[in-house]
Every structure is written in C-alpha cells, then in structure tokens.
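Below you'll find the structure, written out as structure tokens, and then a few comments.
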Amino acid sequence: MLLDALRTDEKLAEWLERLEESENAAAVEARLPDADELPDALVDLAVPYEDVNDLVTLRRVLADDEEATRLLERCVGGLVRDMGKIGKGLGLPPFPLESGPLGRYFPVYVFVAALPYVRAYHHERGIPDDVSRRTMADLGRGLVLHRRRYGAGGLVAPTWFSLHFHGELFQLGRLQFQRARLGGREGVALAAAGLQLRPGDPCLDLHIPDYAGPLTPEACDRSLALAREFFALHFPEERYEAACCHSWLLDPQLKRYLPAESNIVRFQERFRISCGNREPEDHLPVRFVFGDPDLPLETLPRRTSLERAVGDHLRAGRHWYSGHGWFAW
C-alpha cells in the first residue's frame, strides 16, 4: 500500500503526521473523473499521451487503497482551503521513486481532483478561461521533465505546481507571475532605492518556464503588458509596485560568455541585480539546460552558446549562483 511505502521515509512520515493533525488540511470532497472521463481531464492539463493510460489504470489502484484515498482527500483539502491566499496552500512533497507508479503519479490525482475548486476561484475572480487553461496546463511540463530525468512516469517538483492550483501563480504569455510578498533582502533593497515598500508588502515574482519558446525581449514585453493589465483587473485590492526574480539566469557571470544581444543578457538588463547569498547552486543551470542535475560534467554537450557557457564554467572549477533582481512595476 502507498502509505506503507511513504512511512519508511522519515521526512515523509513526519509530513503525513502533520497533515493528519492540520486543521487546514481537513478532508474535502475529492472526486476524480471516472475512467472514461479522466483522459479528457488529463489532456486538458497537457499530460503527455504516454502517461494517460498509466494514470487511467492506476485510478483503480488508488480507489482500492483506502488510506491513499483518504490521503488524496486531505491533500486536496489542504490545497484548496484558503484558496488564493499567499503562502497558505499545501505544498505537496515529491514521493520517492521507490513508492512505485502510484506514488510518482499521486500529485497528479491531487491536482485533477482540485480542478473544480481552482476553476471556481478563477471564475469568481473573472479570470479568462484561456489564462486558467494555460496556467494549469503547465502541469504537463512537469511530467515531461520527470520522464526525461528518471526514465519513468511521474511528476517533478509537485510543491512548485501547488502554486498553480492554489491561485498564486499565472501563466501570462512567455513568463509566469507569482503573487508573493517581499522578503527581507528585497524589501531593504527596494526601500534603499526610494520605493515605499517594506518586507511583507506584495510583489510579483517572475518565473521563466522552459519549453515555452525563446526568451526574446518582445515576448517579455508582451508578458509584462499582459500582467500589468491582468493583476490590476483581477486582483485590484493588491497594489504591486515591484517585480522580483530569483534565478540562475540572473547570475552576472553569464555576461562573460554570452553576447550583449543575447536574450538572456537582455533579460538580465531589465533588473537591478544582486548576487544573492553566494552559496553555489551549480545544479540549477545543469538541471534546466541539460535536464538532469546529476549529469557528470565531462558528459555535458557543447551544442549551443549557453551549453558551452554552463559546462565550460563548471569544468574550469568555477561555480554558478542565483541572482536576485527587481524592477519597479
């Protein structure tokens, strides 16, 4: 049974215990589409076709596991309660590969069961159907990345996709925008620059999904224009004066390797950038550029200028860091 496998992991066992005790994760109705309807729901979420049959088959396995069904209800409850409130949604942890196909796919069932609640919230906010659909269809990317990395079906980083299904993150053109609050570092930096903002005030965090086309200045301009209109219309009570980004793409060292007219350098130039906490995060560019953070350095290809930059830099014994950037909204 699924929970027996999860309890063998100390951290997951503690998470299960906290979830059971949490008032905010009380069980709610969590109805999955039946076997005939489930494929359509999965296709709407851009789930790759090669995963659809497995998810349909495992639906019966989930239904026959009483403890797993109860866990599904509690996870959906934690995800949809306080819908839209920043930082209040349940973050789903990844289950280990050893938990089997049901464990690897379990977050997908949680998100499918949460769909009616998410759509109701989007409808209440007047969010257009196309924005809602594109935002939640990002789930399919997580399944592609899992199979690419591990050679098996499953979902990478379910905690990340929890933001999509809690009304905190939206896909608007090329970029994703997360409703967030300023951290201490950003709040101090913005106040020093003359903005009347403090830690804890609202801000928009920008994210750059892969598999979404080139990061051209024109695509970014369009996304930012869409976002300014979107949040003013659908979240008028939230006043956004700054946009922030925390990414290895903002590491100033990239300018040593990439031409000034490259999309990444031009994206960097939108922000006031600090180098962050100076803790190396070499796994991030390897993960996002090559698909697997555990690839040996000597095997990294050199097909593009970005691949050469990332790999050659690491092979020379240097490190990559996340940059922290912001600009006035």
Notebook entry, point to check: Is region 211-226 home to any residue that is assigned by TED's automatic domain parsing to the domain that holds GLU307, under 16 Å from GLY183 (Cβ atoms) and loosely packed, with under 13 Cβ neighbours inside 10 Å?
Noted result: no
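To keep it simple, each residue is scored yes or no on (1) hydrophobic (A, V, I, L, M, F, W, C); (2) out of contact with any His (no Cβ under 8 Å at 6 or more places or on another chain).
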residue: LEU79; (1), (2): yes, no
residue: LEU97; (1), (2): yes, yes
residue: TYR117; (1), (2): no, yes
residue: TYR121; (1), (2): no, yes
residue: GLY142; (1), (2): no, yes
residue: GLY154; (1), (2): no, no
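Which ones in region 309-324 are assigned to a loop (DSSP other than H, G, I, E, B), in contact (Cβ under 8 Å) with a residue 24 or more places away in the chain and out of contact with any strand residue (DSSP E or B) (no Cβ under 9 Å at 6 or more places or on another chain)?
Step one: list which residues in region 309-324 are assigned to a loop (DSSP other than H, G, I, E, B), which gives 316-322.
Checking the rest, the ones that are also in contact (Cβ under 8 Å) with a residue 24 or more places away in the chain come to 318-322.
ARG318, HIS319, TRP320, TYR321, listed by residue number.
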Item checked: Residue tally, condition at pLDDT 95 or above and exposed (fewer than 15 other Cβ atoms within 10 Å of the Cβ), over region 257-276 -> 4
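Just give me the residues in region 128-168 being assigned to a loop (DSSP other than H, G, I, E, B) and small (Gly, Ala, Ser), in sequence order.
Here is the first cut: in region 128-168, the ones assigned to a loop (DSSP other than H, G, I, E, B) are 128, 137-138, 151-157, 165-168.
The answer is ALA137, GLY151, ALA152, GLY153, GLY154, ALA157, GLY167.
Looking at ASP51, ASP40, ASP34, can you tell me which residue is in the same structural domain as LEU139 (by TED's automatic domain parsing), surrounded by fewer than 17 Cβ atoms within 10 Å (Cβ to Cβ) and either touching a residue at least 60 places away in the same chain (Cβ under 8 Å) or not in a helix (DSSP H, G or I) (or both)? Working first, answer last.
Working: ASP51 fails: surrounded by fewer than 17 Cβ atoms within 10 Å (Cβ to Cβ); ASP40 fails: either touching a residue at least 60 places away in the same chain (Cβ under 8 Å) or not in a helix (DSSP H, G or I) (or both).
That would be ASP34, the only listed residue that is in the same structural domain as LEU139 (by TED's automatic domain parsing), surrounded by fewer than 17 Cβ atoms within 10 Å (Cβ to Cβ) and either touching a residue at least 60 places away in the same chain (Cβ under 8 Å) or not in a helix (DSSP H, G or I) (or both).
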Check: Does ALA180 satisfy the condition of being part of a strand (DSSP E or B), out of contact with any Leu (no Cβ under 6 Å at 6 or more places or on another chain), crowded, with 16+ Cβ neighbours inside 10 Å and among the small types (Gly, Ala, Ser)?
Finding: yes
Next item on the list: Considering only residues that are closer than 25 Å to ALA189 by Cα and of a type in the set (Asp, Glu), look in region 277-326 and name the one that is nearest to the chain's Cα centre (by Cα).
Entry: GLU281
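Which of the following residues is out of contact with any helix residue (DSSP H, G or I) (no Cβ under 7 Å at 6 or more places or on another chain) and closer than 22 Å to ALA41 by Cα: VAL156, VAL144, VAL188?
Within the list VAL156, VAL144, VAL188, the selection yields VAL144.
Per-residue answers, yes or no, for (1) more than 15 Å from LEU19 (Cα to Cα); (2) among the small types (Gly, Ala, Ser); (3) assigned to a loop (DSSP other than H, G, I, E, B):
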| position | (1), (2), (3) |
| --- | --- |
| LYS88 | no, no, yes |
| PHE106 | yes, no, no |
| TYR109 | yes, no, no |
| ALA113 | yes, yes, no |
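The values are calculated or read from the model by the stated rules, or taken from the named source; none is laboratory data. Owing to the predicted nature of the structure, the values given are computational and were not obtained by experimental measurement. Counting neighbours? That spans all protein chains shown, and the Cβs are built from the backbone with ideal geometry, glycine included.
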